[in-house]
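Below: the structure, in C-alpha cells.
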There are 2 protein chains.
Amino acid sequence: MKDVAARAGVGLKTVSRVVNEEPGVTPETSARVQAAIDALGFRRNDSARLLRTRRTASVGLVLEDVADPFYAALSRAVEDVARAHGALLFTGSSAEDPRREQELVLAFCARRVDGLVVVPAGDDHRYLLPEIAAGVATVFVDRPAGRLDADVVLTDNAGGTRLGVEHLIAHGHRRIGFIGDQPGIHTAGERLRGYRAAMEAAGLPVRPEWYAMGPTTPERVRAALDAMLSGPEPVTALLAGNNRVTVTAVRVLWNRPDPVALVGFDDFELADVLDPPVTVVAQDAPGLGRAAAQQLFRRLDGIAPEEPSRVELPVRLIARGSGEIPPPR
Amino acid sequence: MKDVAARAGVGLKTVSRVVNEEPGVTPETSARVQAAIDALGFRRNDSARLLRTRRTASVGLVLEDVADPFYAALSRAVEDVARAHGALLFTGSSAEDPRREQELVLAFCARRVDGLVVVPAGDDHRYLLPEIAAGVATVFVDRPAGRLDADVVLTDNAGGTRLGVEHLIAHGHRRIGFIGDQPGIHTAGERLRGYRAAMEAAGLPVRPEWYAMGPTTPERVRAALDAMLSGPEPVTALLAGNNRVTVTAVRVLWNRPDPVALVGFDDFELADVLDPPVTVVAQDAPGLGRAAAQQLFRRLDGIAPEEPSRVELPVRLIARGSGEIPPPR
C-alpha cells in the first residue's frame, strides 16, 4: 500500500479509501490510485485483518453430498443468506461418514469460520464444545446434533410419512410398505416412526417384511422392493423414504404389469411428467437452508435468545397420480 | 500452546506432535496433552501459519448455480480431488452475473486461496492478471476465460449438437429446431454452431424461426417451442440446448397429440423412465470437474507445462426413444 501511495502521490488513507470504496476521493485521484494499483499488481490480503478482528466473514457448510439435488438446493439457499450478510462459504460433503464430518468441521474451525451449518453424519458432536465455547456459532440442519444442545432446523419427518401413509390408507390400501435410509440416520428413524404411527392409528398390522431400512443404493432398494412385492402378503402401496429411494422405486414399479401405489418423500424434478406422475410428501430444501443460515447470523449478531432453538418446517402432500392408484380388487 | 504444555508438564514440541498427529509420543503423554487441551479449550488456528507459509490448502470454486444438477455433480468432483490433495473448498454461485463472478473470485483471492476453478460468467478476465502473477493457479471449466490465456477444460459442445442433429436427420427429420441458452454464453454459441454445421452438411436449410436463444426459464422455452411448432413450416424434431431446456421441452411435447422427436443436451436423472424415454447427448459433468481440479493441482505442484492447456472432453449420444420418433408422414 505504501508503494501504491508513493506512486500515486497520495497518502495511505486515500489508498485505503479507494480500495474500500469509501467516499471522499475525487474521481481523478481515484483513477490515479487505481492506475498505481494496476501497475504494481497490488492485491488485497484479508489474512492480517482477519487476525486482528474476531470475524472472518466466512461460514462452513457440511452436507452429506452436494451432488444430491436435495442438498444442492439447501446449499444454494445457505449461500444466498451468507452472501446477503457479506460472508463467504466453505462447503464439504461428509459422505455420511462421521469422521469425515468431524475432519471437515474442525478444518473449517481452524480457518476460523465465524459459524457452521452442519448436516450431521455422526451422533456425538461434543468435539465441537471447545469451538462453540470459543464463539463459533453452530446450527444443525436436516438432523439434530448428537449429545450437544445446539440450534437445529428440521423437517417434520414423522408427520410427513404419517401424512403419506394416511393418504394411501384413504385410497383403500391396507398392506403398505416403507423403504427408508440407514436406521442410524435421524430422518430415516423419524420417517419409520411416522409410518408405524399411521398404520397403528388405522388399526393396521405392520409385517416385518413390509419395511426395510438400509443404504439407498439402487441394488438394495430394488431387492427390498422385490421382496415386499413377492411374499405371501405382498404390499399394494409403497412409501419411499427419500428421493434416492423414490427414483429406484419408479424404475421398478413402472415396469411391472400390476400397478402399485407410490408416495415418495421429497419432491423431485419431473415427478409431474412421469406416467403416472408421482405423488410426494414435499419438504422445503431451500427453506431448511435459509432458516438455518438466518438463525446462524442471528446468533452471530447476538440477537438470538441464549437457549438453542428447534424449528420444524412443515411438509406438503402433492397428489399427482401414483399415490391415488387403488389396490387391486 | 504454552498453557497446554505447562498444564500437561511437557514441552511445546510434544504438544505440537500430538496436535499434528505425528509419531514419537507415548499414549500416556498423548492422553495427558489431550486432557490439557480439553480442559483449556485449545483450538488450532491456521491463520498465523497461513501468513508464514505460501500455501493455504484452500481452493475457490465459482459455479453458475450449485443447485443446478450439472454443476452440483461438477462441484462434488472438484471437492473430491481437492480433498485428495488435503485442500478445503470455498464455493460460490455467480448466477450468470459477471460482476458477481469477479466479486467472488477476488474475495477468494483476498483469502489467499492457492487456486481457483471457475465457470466464467463474464467475458473479460484480465482482472485476474495480478492474482495469476502472484501465483494463484486458475483453471477455467465448462467455458473458456475471456481475454486471458489460461488452462481450460471444456466439453466438445459443437461436436455434441452436431451428433444430435445428425441422429435426428438419420431418423428422417428435415425441419429441426434448436433452443439454446443466452447467445453470449460460450457453450450456447458453440452448440448453435454445431446445430448449423450439421444442418448445412446435410444440405438442409435453417429457417430463422427454427432456432431461439435466450434465458432458459420455462416461460421463454415454452414460448419459443410453441412458435416453432405453429408456424407454416413447423419443426418435427427439437434439439434442446441444455438440461433446463429439455425439462421444459418434455413438459410441452409430452402433452401434444402429435409426437415430436427430442434430443436433449446433458443427461438427467429419470430420462430413462419418461414415456418416451429421452435421448440425450451426455456430457461428463464429474469428468469436467475432475479434469479441472487435477490440472489445478498439477499447476500448484509445478508439474504442468508453462503453456496453458486446453482439454475438450467427448460427448456420448444415448438413444432411448424420444430421438428416434420419425417425422409425421
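The values are calculated or read from the model by the stated rules, or taken from the named source; none is laboratory data. No experiment lies behind these values; they were computed from the predicted model shown. Backbone-built Cβ (ideal geometry, glycine too); neighbour counts: all protein chains shown. For the accessible areas, the whole protein counts, side chains as well, though only heavy atoms, and no ligand, DNA or RNA atoms are used. Shrake-Rupley method; radii C 1.70, N 1.55, O 1.52, S 1.80 Å.
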- Query: Do you know which of the residues in region B:72-96 that are hydroxyl-bearing (Ser, Thr, Tyr) and within 8 Å of another protein chain (Cβ to nearest Cβ) is nearest to residue A:84 (Cα to Cα)?
  - Reply: B:93
- Item | Per-region count, region A:276-299, residues open to solvent by 30 Å² or more (accessible area, probe 1.4 Å) and in contact with a Gly (Cβ under 6 Å, 6 or more places away or on another chain) | 2
- Query: Looking at residue B:106, is it of a type outside the set (Ser, Thr, Tyr), within 13 Å of chain A (Cβ to nearest Cβ) and in a helix (DSSP H, G or I)?
  - Reply: yes
- Picking from A:194, A:160, A:177, which residue would you name as being over 30 Å from residue A:116 (Cα atoms), among the small types (Gly, Ala, Ser) and surrounded by 24 or more Cβ atoms within 10 Å (Cβ to Cβ)? A:177
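Conditions (1) more than 14 Å from the chain's Cα centre (by Cα); (2) assigned by TED's automatic domain parsing to the domain that holds residue A:147; (3) at positive phi, marked per residue:
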residue: A:65; (1), (2), (3): no, yes, no
residue: A:68; (1), (2), (3): no, yes, no
residue: A:78; (1), (2), (3): no, yes, no
residue: A:89; (1), (2), (3): yes, yes, no
residue: A:96; (1), (2), (3): no, yes, yes
residue: A:113; (1), (2), (3): yes, yes, no
residue: A:117; (1), (2), (3): no, yes, no
- Query: Condition test on residue B:124, is it open to solvent by 20 Å² or more (accessible area, probe 1.4 Å) and either at positive phi or not polar (S, T, N, Q) (or both)?
  - Reply: yes
- Please verify whether region B:150-164 includes one or more residues that are in contact with a helix residue (DSSP H, G or I) (Cβ under 7 Å, 6 or more places away or on another chain) and among the hydrophobic types (A, V, I, L, M, F, W, C). yes
- Filtering region A:81-100 for residues that are surrounded by 18 or more Cβ atoms within 10 Å (Cβ to Cβ) and under 15 Å from residue A:115 (Cα atoms) leaves a count of 9
- Would you pick out the residues in region A:211-224 that are open to solvent by 60 Å² or more (accessible area, probe 1.4 Å) and within 19 Å of residue A:168 (Cβ to Cβ)? A:211
- Residues of region A:225-246 being away from chain B (no Cβ under 14 Å), open to solvent by less than 10 Å² (accessible area, probe 1.4 Å) and free of Cβ contacts under 8 Å to residues at least 60 places away in the same chain, in sequence order, are A:225, A:228
- For the subset of region B:127-154 comprising residues that are within 14 Å of chain A (Cβ to nearest Cβ) and of a type in the set (Gly, Ala, Ser), which member is surrounded by the fewest Cβ atoms within 10 Å (Cβ to Cβ)? B:133
- Task: Only one of these is among the small types (Gly, Ala, Ser), assigned to a helix (DSSP H, G or I) and closer than 23 Å to residue B:300 by Cβ: B:30, B:16, B:75. Name it.
- Result: B:75
- In region A:194-217, the residues that are assigned to a helix (DSSP H, G or I) and either among the polar types (S, T, N, Q) or over 21 Å from the mean Cα position of the chain (by Cα) (or both): A:195, A:196, A:197, A:198, A:199, A:200, A:201, A:208, A:209, A:210
- Is it the case that region A:164-171 has a residue that's in a loop (DSSP other than H, G, I, E, B) and out of contact with any strand residue (DSSP E or B) (no Cβ under 9 Å at 6 or more places or on another chain)? no
- Residue pairs meeting the criteria (Cβ under 9 Å; at least 6 apart or on separate chains; first within 13 Å of another protein chain (Cβ to nearest Cβ) and over 23 Å from residue A:172 (Cα atoms), in region A:247-259; second surrounded by fewer than 16 Cβ atoms within 10 Å (Cβ to Cβ) and not charged (D, E, K, R)): A:247/A:218; A:248/A:217; A:248/A:218; A:251/A:218
- Which of (1) under 25 Å from residue A:91 (Cα atoms); (2) in contact with an Asp or Glu (Cβ under 6 Å, 6 or more places away or on another chain) is the odd one out, the single condition residue B:85 does not satisfy? (2)
- Query: Would you call residue A:105 at pLDDT 95 or above and touching a Phe, Trp or Tyr at 6+ places or on another chain (Cβ under 6 Å)?
  - Reply: no
- Task: Being within 14 Å of chain A (Cβ to nearest Cβ), part of a helix (DSSP H, G or I) and not acidic (Asp, Glu) narrows it down to one of B:99, B:112, so name that one.
- Result: B:99
- Item | Residue selected from region B:307-324 under the condition in contact (Cβ under 8 Å) with a residue 60 or more places away in the chain and in a loop (DSSP other than H, G, I, E, B), by the criterion surrounded by the most Cβ atoms within 10 Å (Cβ to Cβ) | B:315
- Evaluate the following for residue B:180: is it under 25 Å from the mean Cα position of the chain (by Cα) and within 23 Å of residue B:226 (Cα to Cα)? yes
- Can you pull out the residues in region B:34-80 that are at pLDDT 90 or above and open to solvent by 50 Å² or more (accessible area, probe 1.4 Å)? B:69, B:80
- Message: Which condition from (1) away from chain A (no Cβ under 12 Å); (2) of a type outside the set (D, E, K, R); (3) in a loop (DSSP other than H, G, I, E, B); (4) under 23 Å from residue B:327 (Cα atoms) is the one that residue B:280 breaks?
- Response: (3)
- Message: I'm trying to understand the selection: among the residues of region B:180-189, which are assigned to a loop (DSSP other than H, G, I, E, B) and surrounded by 19 or more Cβ atoms within 10 Å (Cβ to Cβ)?
- Response: B:181, B:185
- Query: Since residue B:304 meets every condition but one in (1) over 25 Å from the mean Cα position of the chain (by Cα); (2) in a loop (DSSP other than H, G, I, E, B), which condition does it not meet?
  - Reply: (1)
